[in-house]
């Protein structure tokens with residue numbers, strides 16, 4: 001497998017595989033309940049029974065970190081999928097529909113690039129937070145709102161990359177052959193152009209996940225993302241900062257959740273670099 005020969009991608013796959021598997025299986029592993037704790041065990045440094053120590057309520061930080069990884073990955077993956085759907089639709093439409101539609105959509109993308117999206121996301125989440133009881137009554141959770149809003153504001157790069165690839169591919173001989181066979185524009189786009197642009201789409205998707213993870217962590221840190229009793233890496237970091245004091249430096253409350261988030265971000269970035277090297281037909285280093 002070409003991707004496995006890429007050292008950075010191989011390391012990323014191993015790290016993501018281990019972290020993802022542990023987080024997924026955490027509810028069935030012999031671990032402490034991440035939501036239960038003993039006040040007598042509060043702020044215990046890492047030791048035998050508590051590998052990552054305990055928090056201010058005596059809850060096991062290792063179990064909570066695994067729960068946070070699971071929640072953050074869930075939001076990151078679904079947010080990236082929302083970004084994928086919007087970005088591919090806009091990019092494919094712009095790249096294949098002709099100069100007028102292309103110009104209009106790309107100018108829209110340029111305008112949106114100038115908007116400070118973190119401010120827009122904070123505004124939207126603050127507004128939706130006031131209507132949270134109504135949303136919950138319709139089965140819409142805080143996690144759903146979070147990954148939908150973040151995903152709907154991170155599609156611009158995806159759209160531009162897909163548009164450029166579709167523009168490059170639509171002049172290829174196989175597209176002319178498809179037109180000669182009488183295929184409609186939509187069939188050419190779905191059956192020929194998008195499958196051939198899959199490499200760019202996969203790489204863009206992989207690079208979008210770290211952005212969504214970072215958004216989630218930042219928003220949860222500000223109190224606009226996941227809230228207790230939910231757990232995420234951003235929320236754990238926020239709780240760790242609140243627990244810091246001049247008399248008791250509980251370093252483990254910051255180091256372990258922050259380290260897990262940094263490892264996820266680094267792994268996805270390395271995986272994206274590896275996929276780009278392997279799937280880019282213009283780069284033959286890993287295609288031999």
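The values are calculated or read from the model by the stated rules, or taken from the named source; none is laboratory data. Keep in mind that this is a model prediction, so the values were computed, not measured. Quick reminder, even Gly has a Cβ in these numbers, built from the backbone with ideal geometry, and neighbours come from all protein chains shown.
Sort out for me the helices (runs of 4 or more DSSP H) sitting completely within region 176-273 that have 2 or more residues that are touching a residue at least 60 places away in the same chain (Cβ under 8 Å) and crowded, with 21+ Cβ neighbours inside 10 Å. Steps first, please.
Details: elements: 185-188, 198-222, 233-243.
It comes to 198-222, 233-243.
Determine which member of the set 91, 79, 87, 95 is surrounded by 18 or more Cβ atoms within 10 Å (Cβ to Cβ) and under 18 Å from residue 220 (Cβ atoms). Reasoning before the result, please.
Working: 91 fails: under 18 Å from residue 220 (Cβ atoms); 87 fails: under 18 Å from residue 220 (Cβ atoms); 95 fails: under 18 Å from residue 220 (Cβ atoms).
After applying the criteria, what remains is 79.
Just to be sure, is residue 36 buried (at least 20 other Cβ atoms within 10 Å of the Cβ) and at negative phi? Step through it out loud before you land on a result.
On the way: buried (at least 20 other Cβ atoms within 10 Å of the Cβ): no; at negative phi: yes.
Against the criterion (buried (at least 20 other Cβ atoms within 10 Å of the Cβ) and at negative phi), residue 36 does not qualify.
Here's the yes/no breakdown for (1) farther than 26 Å from residue 207 by Cβ; (2) part of a helix (DSSP H, G or I); (3) at pLDDT 90 or above:
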residue	(1), (2), (3)
8	no, yes, no
25	yes, yes, yes
30	yes, no, no
34	yes, no, no
47	yes, no, no
57	yes, no, no
63	yes, yes, yes
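Based on this model, can you work out whether residue 187 counts as modelled with pLDDT of 85 or more and more than 25 Å from residue 74 (Cβ to Cβ)?
Values: modelled with pLDDT of 85 or more: no; more than 25 Å from residue 74 (Cβ to Cβ): yes.
Answer is no for this residue.
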